[in-house]
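The values are calculated or read from the model by the stated rules, or taken from the named source; none is laboratory data. These numbers were taken from a predicted model, which means no experiment stands behind them. All Cβ positions, even for glycine, are placed from backbone atoms using ideal geometry, and neighbour counts span all protein chains on display. What goes into the accessible areas is simple: the full protein's heavy atoms, side chains included, and nothing from ligands, DNA or RNA. Shrake-Rupley method; radii C 1.70, N 1.55, O 1.52, S 1.80 Å.
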Amino acid sequence: MFSRITRLIVGLALYGVGCAFTVAAGLGVDPWTVFAQGISRVSGIGIGWITNIVGLGVLLLWIPLRQKPGVGTVANILLVGTSMQVALGVLPHPDVFWIQAAMLVAGVVLVAVASGLYIGARFGPGPRDGLMTGMHARFGWPIWACRLGVEGSVLVLGWMLGGTVGIGTVVFALGIGPLVHVALPLLATPEPSRRARRPARV
């Protein structure tokens, strides 16, 4: 249990740091961060704090979908945006392309490693993933359609609000799936054994 909790906390904190790298790179970010960045620019509230607020708002959408949050869901809301906000306070914001590109790649890799840790801890989905799986379970829509519809909507809305859409958005979209596919089996906690109990000998 301690190992799982540690993986959860480290994974979520690292996820926020990885997102901060992509934001600081300035080449474009993932759809949900585009959305948070757009709201941040309009409201003046830090993007990390907006990420936490958006996560809480998405969690409320679970209610009509009859989804139940887990420990990992709540921890996701509290830790990802907070670690992103802290990291953005210390990271450089370069204007040299090769440094920006290096930060972008580092950020995507960090997010993939972080995903392997916190998903592998098996404490429940994050609010955004749970929204998509909840839509699938409630309405029977394919997962890919739920993901495309939700992320496409927040991407467009975030871009309209001033979020950064660019090559980094494409790199994230194309790279995160394969990288998580590699990271998850390497970093997930072992499945509990399900050996059948043998009757005690008299």
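Data table
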item: Val29, sole failed condition from (1) within 13 Å of the chain's Cα centre (by Cα); (2) in a helix (DSSP H, G or I); result: (2)
item: Any pair with Cβ under 9 angstrom, 6 or more apart, that starts in segment 42-69 at a residue that is at pLDDT below 95 and outside any loop (DSSP other than H, G, I, E, B) and ends at one that is surrounded by fewer than 16 Cβ atoms within 10 Å (Cβ to Cβ) and among the basic types (Lys, Arg); result: Trp62/Lys68; Pro64/Arg138; Leu65/Arg138
item: Scan of segment 91-127 for residues that are within 16 Å of the chain's Cα centre (by Cα), of a type outside the set (A, V, I, L, M, F, W, C) and closer than 19 Å to Leu174 by Cβ, ordered by number; result: Gly107, Ser115, Gly116
item: Yes/no for Ile39 being hydrophobic (A, V, I, L, M, F, W, C), farther than 25 Å from Leu186 by Cα and surrounded by 18 or more Cβ atoms within 10 Å (Cβ to Cβ); result: yes
item: Residue within segment 166-175 that is in a loop (DSSP other than H, G, I, E, B) and either open to solvent by less than 90 Å² (accessible area, probe 1.4 Å) or under 24 Å from Gly116 (Cβ atoms) (or both) present; result: yes
item: Condition broken by Gly116, with the remaining ones in (1) open to solvent by 30 Å² or more (accessible area, probe 1.4 Å); (2) modelled with pLDDT under 95 satisfied; result: (1)
item: Selection from segment 119-139 of residues that are open to solvent by 10 Å² or more (accessible area, probe 1.4 Å) and not aromatic (Phe, Trp, Tyr); result: Ile119, Arg122, Gly124, Pro125, Arg128, Asp129, Leu131, Thr133, Met135, His136, Ala137, Arg138
item: Search result, residues across segment 140-161 that are touching a residue at least 40 places away in the same chain (Cβ under 8 Å), over 19 Å from the mean Cα position of the chain (by Cα) and exposed (fewer than 14 other Cβ atoms within 10 Å of the Cβ); result: Met160
item: Search result, residues across segment 70-110 that are open to solvent by 50 Å² or more (accessible area, probe 1.4 Å), among the β-branched types (Val, Ile, Thr) and in a helix (DSSP H, G or I); result: Val71, Val74, Val86, Ile99, Val105, Val109
item: Restricting segment 55-64 to residues that are of a type in the set (A, V, I, L, M) and open to solvent by 20 Å² or more (accessible area, probe 1.4 Å), the residue that is nearest to Gly18 (Cα to Cα); result: Leu56
